[in-house]
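Trainee: The structure is given below, and queries will be raised subsequently.
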Amino acid sequence: MSLPQLLAIALPLSLSLLLSACGPVGGLHSSESDPATGTTNKTYSKYFDDGQWLLKDKVGISVVIDNETPIGRQMFGGLAGKDSEGTGKITVYFWNFDDRQHRVGKLRLSHGGQARGTQDSSMLPAAKPWSRTGAEFGEIPFFSYATELKVDVSLEVDGQRIQRSMLLKRRTVEENRRFYGPGGKPPYPWADRL
């Protein structure tokens with residue numbers, strides 16, 4: 001292959017890689033209309049999350065989905081699969097605000113009719129007193145440009161079956177700083193206890 005042919009291939013590829021490096025990996029840019037101020041731009045992060053009580057004022061659950069879509073598919077969608085098809089790593093956290101331990105198990109999580117589940121209680125961390133414990137829970141497919149994901153969660157806490165529908169919001173970069181940065185409090189029902 002001659003030098004001009006090599007440059008013809010290498011330059012566009014290098015430019016594409018350089019431009020993709022300028023944006024947040026797994027991120028999403030959006031313009032939304034705000035009647036008061038006009039159009040605003042938002043930069044979404046690669047994280048979706050929501051939190052709800054399982055046992056009121058005692059045990060909470062938060063579900064976090066982290067966009068783990070391979071970089072190649074994000075940059076070259078048509079060449080490496082559809083850029084609209086994302087893959088998210090699921091992490092489930094149990095927040096215990098009680099002075100005793102609670103057993104959690106038989107967790108089942110579904111999104112878009114696709115279930116991810118376990119029947120092995122030992123795979124899940126016990127909700128120890130005054131703690132937050134987490135467990136990775138596999139991966140889930142999702143629409144890459146989504147700004148929220150609905151998941152249904154079913155699990156047992158101390159032998160009692162509990163079900164929750166959760167709406168995981170894709171956080172903006174600014175929200176991540178505000179909620180999870182220094183001094184931040186997540187937008188969950190127990191934020192005032194942190």
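Trainee: Counting only protein heavy atoms, what percent of the accessible surface of region 128-194 is carbon or sulfur at a 1.4 Å probe?
Mentor: Working: 1960 of 3910 Å².
Taking all protein chains in place, region 128-194 shows 50 percent carbon and sulfur surface.
Trainee: Determine ³J(HN,Hα), in whole Hz, for all residues of region 52-65 in sequence, where each value follows from phi through the Karplus function 6.51 cos²θ - 1.76 cosθ + 1.60 and θ = phi - 60°; x replaces Gly and Pro.
Mentor: After applying 6.51 cos²θ - 1.76 cosθ + 1.60, I find 8, 6, 9, 10, 3, 6, 10, 10, x, 10, 10, 10, 10, 10 Hz.
The values are calculated or read from the model by the stated rules, or taken from the named source; none is laboratory data. All values reported here derive from a predicted model rather than from experimental measurement. When the accessible area is computed, the model is the full protein with side chains, heavy atoms only, and any ligands, DNA or RNA have been set aside. Shrake-Rupley method; radii C 1.70, N 1.55, O 1.52, S 1.80 Å.
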